[in-house]
Amino acid sequence: MSPISPDNSPMNTRSLIIATAGHVDHGKTSLVRHITGTDTDSLAEEKSRGLTIVPGYAYQHFSSEDDGVTYNNTLGFVDVPGHIDFINNMLAGVGAVDGAMLVVAADDGIMPQTLEHLAILDLLAVPRGIVALTKIDRCEPERVKTVTAQIQQLLKNTSLQDAPVFPVSNASGAGIPALVDYLHSLFSENFTQKATEQGRFFRYLIDRSFTAKGIGTVLTGSVRAGSAKLGDTLKHTGSGELTKLKAARLDKTDLTEIHQGQRASASVSLNHKLVNRGDWLVDEALYCPLSRFDARVSFIDDTIKLRSNALYHLYIGASHHVVTIRQLGSNQNPYFQIKSTDALIAHYGDRFILRDPASQNTIGGGKVIDIFVPRRKRSSESRLAVLAALDHDSFEAIKQLLELLADGIKLQQFSQCRNHTESAIQSFCQRLQAENLPFVSLQLEKQTLPILLHEKYYAKYCQHILTHISGFHQQHGNQQGISEPALSHGVDFAGSHVLFHGILQRLLKDGAIKRTGTLLHLPAHQTVLSQEEQDFLAKIHPILLKAGNVPPRTRELVDLTNIPLKALEGILRQSTKAGTLVKVAENRHYLPETIMALAGFIEQLAQTSEDDDGFSVIQFRDASEIGRNLCIEILEYFDRVGFTRREGNSRFIRTDKENVFGK
């Protein structure tokens, strides 16, 4: 082993966090002290009672070389309590580790907390393990062999079934060098695994917080995913407040960046009183407090029966919540819905532990599958099929969901649930294309990521939509087209409005349909006007053309056309449906070409506005020389049809005018 080198760049640092587990007084803390030189029992009560109460932390730093690259390695230990009175603290300590070291004393052998700790590690699916058989100096060699065999039998069919057993003595130090060498050998394997987990947002699990003079609030915890640099803005999940990462440290080494796998302290611009154990610091894109999630659950004992409406205890990350548990589907189904009495933070793949209503016994645990759960039909066959598809790695899940979901895959939700960045989602889509899987991507307004829809569903929806529009034209030849709400109702679309709108946008983009004002129609459709409408248009067209941007009010048109008010209102309604006139307000109608000219004028006005601040009613009034009240009516019309959007006193262009009013 060589001392740690000064190169602490993220590419040349590796961390491995190991949780100790085992019965009280089996030598966990002494063993960690032998390896790191640190006594993790720092509380006065811990020292006086000779047992661990809260998780303690210790580190060993060393450098090593793999494939010609020198790495700075940090072997960290979370020394968790073994006493039954502090099992809840043990659960908080093992919420975010890379592996576990189960400690068993050779003289005592397997004890009650050995069994419970092993069950917890198994339920949390801790990925790798090692067994330290301590106090061998107190036993005959035959006893060591016997207990070793018992341990190996105990580990069968658990996540630690391949864990090697190292006989050691804290008194003499025997066996400890071999154990440490094995722990060091895990770095290459662990680093390779983490290198494949790119494309994720930052998640930092907080297990402690305190204030330091001259520094402020300091957090300690583990980076579960992604990375963050000094100065980055992060969301504190407990308060919902944004905070800056001011400084970071791994043990005694200052860092400019913290990344997945590291256990580090963080100085933040956050009030210490707002922070609780189990809170998170996350990228703002991940912030999604929830009260329920669907999960795959397994129980320690097959005879355990959940009580209806009973309150159980959930331990997830480093937090504790009181929950109800409901099985989805039949008794053979592994999927359950867990509902918390308070807000919690969870994402796909997070492991958790369940304890009985008295929080005395561990009853089971599992893995979060979906955090966007439906309000209805949560136990239906279709929902259970979706959960089974989601219970796979992300790419396989997407492939299966494409076949299953007639509503498509909402990638915005999928990425948030699974903690995938936009680049990771794009990579999945590229893999779908490479495998020639038939799908369409429907881009949605205000969402970064699209909906993915299998082509078989898209083709069916398009056929229904185009057939209905064609039928509408045949029945209403004098109308320009049909509104989006009427079209949705007419085709009896069972999916969401968001999906329907996305399909229409794709049809518009492909030129299969056109939009004039708020009306949708086939590109080749031409309105067939009645003689009355033709006569009226011939009479009113020159009047409106001459009026330009300030057309006469309806009652003024009565005087100009000599048509009675009631009859005039009726023919104005028909002309609006036909698209030969555009109704902007109750008493204002425009020619379509005038509306297009006004839209072009607004585009120019928006381009000349400074600092992307949009434009105001006053700016539009002054530039157009139209009265203020009519300016408001015109702009509100443009808001309604989706050409502009209002934010406070400013307006912004949403899309090109041709996309709304045609060419």
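The values are calculated or read from the model by the stated rules, or taken from the named source; none is laboratory data. Fair warning: this is a prediction, and the values are worked out from it, not measured in the lab. Cβ: placed from backbone, ideal geometry, glycine included. Neighbour counts: every protein chain shown. Keep in mind that these areas ignore ligands, DNA and RNA; they rest on the heavy atoms of the full protein, side chains included. Shrake-Rupley method; radii C 1.70, N 1.55, O 1.52, S 1.80 Å.
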Study note, to complete from the structure: Apart from one, (1) outside any strand (DSSP E or B); (2) open to solvent by 40 Å² or more (accessible area, probe 1.4 Å); (3) among the aliphatic types (A, V, I, L, M) all hold for Ala343; the odd one out is (1)
Check your understanding: Out of segment 146-177, which residues are open to solvent by less than 50 Å² (accessible area, probe 1.4 Å), at pLDDT 90 or above and of a type in the set (Gly, Ala, Ser)?
Key -> Ala163, Ser169, Gly173, Ala174, Gly175
**Study point:** Meets criteria (touching a residue at least 24 places away in the same chain (Cβ under 8 Å), part of a helix (DSSP H, G or I) and more than 22 Å from Leu520 (Cβ to Cβ)) for Arg555
**Key:** yes
Point to revise | Positions within segment 229-245 being in a strand (DSSP E or B) and either open to solvent by less than 50 Å² (accessible area, probe 1.4 Å) or free of Cβ contacts under 8 Å to residues at least 40 places away in the same chain (or both), in sequence order | key: Lys229, Leu234, Lys235, His236, Thr243, Lys244, Leu245
Check your understanding: In segment 309-321, how many residues are open to solvent by 40 Å² or more (accessible area, probe 1.4 Å) and closer than 18 Å to Asn361 by Cα?
Key -> 2
Check your understanding: Of the numbered conditions (1) of a type in the set (Ser, Thr, Tyr); (2) under 30 Å from the mean Cα position of the chain (by Cα); (3) open to solvent by less than 50 Å² (accessible area, probe 1.4 Å), Ser423 satisfies every one except a single condition; which is it?
Key -> (3)
Review point. Can you pull out the residues in segment 639-652 that are in contact (Cβ under 8 Å) with a residue 40 or more places away in the chain and in a helix (DSSP H, G or I)?
Key: Arg640
Practice item. Grab the helices (runs of 4 or more DSSP H) fully contained in segment 415-521, keeping just those with 2 or more residues being more than 30 Å from His347 (Cα to Cα) and of a type outside the set (Phe, Trp, Tyr). Key: 455-475, 484-490, 497-510
Exercise for review: Given the conditions (1) surrounded by 14 or more Cβ atoms within 10 Å (Cβ to Cβ); (2) under 30 Å from Asp393 (Cβ atoms); (3) modelled with pLDDT of 90 or more, report the number of the one that Met111 does not fulfil.
Suggested key: (2)
Check your understanding: Across segment 577-623, what is the total count of residues that are modelled with pLDDT under 85, within 30 Å of Gln479 (Cβ to Cβ) and open to solvent by less than 40 Å² (accessible area, probe 1.4 Å)?
Key -> 4
Point to revise | Residue in segment 563-570 that is outside any helix (DSSP H, G or I), among the aliphatic types (A, V, I, L, M) and in contact (Cβ under 8 Å) with a residue 60 or more places away in the chain present | key: no
Study note, to complete from the structure: Going through segment 278-297 in order, the residues found to be under 20 Å from Thr341 (Cβ atoms) and either out of contact with any Gly (no Cβ under 9 Å at 6 or more places or on another chain) or of a type in the set (Asp, Glu) (or both) are Asp279, Cys288, Leu290, Ser291, Arg292, Phe293, Asp294
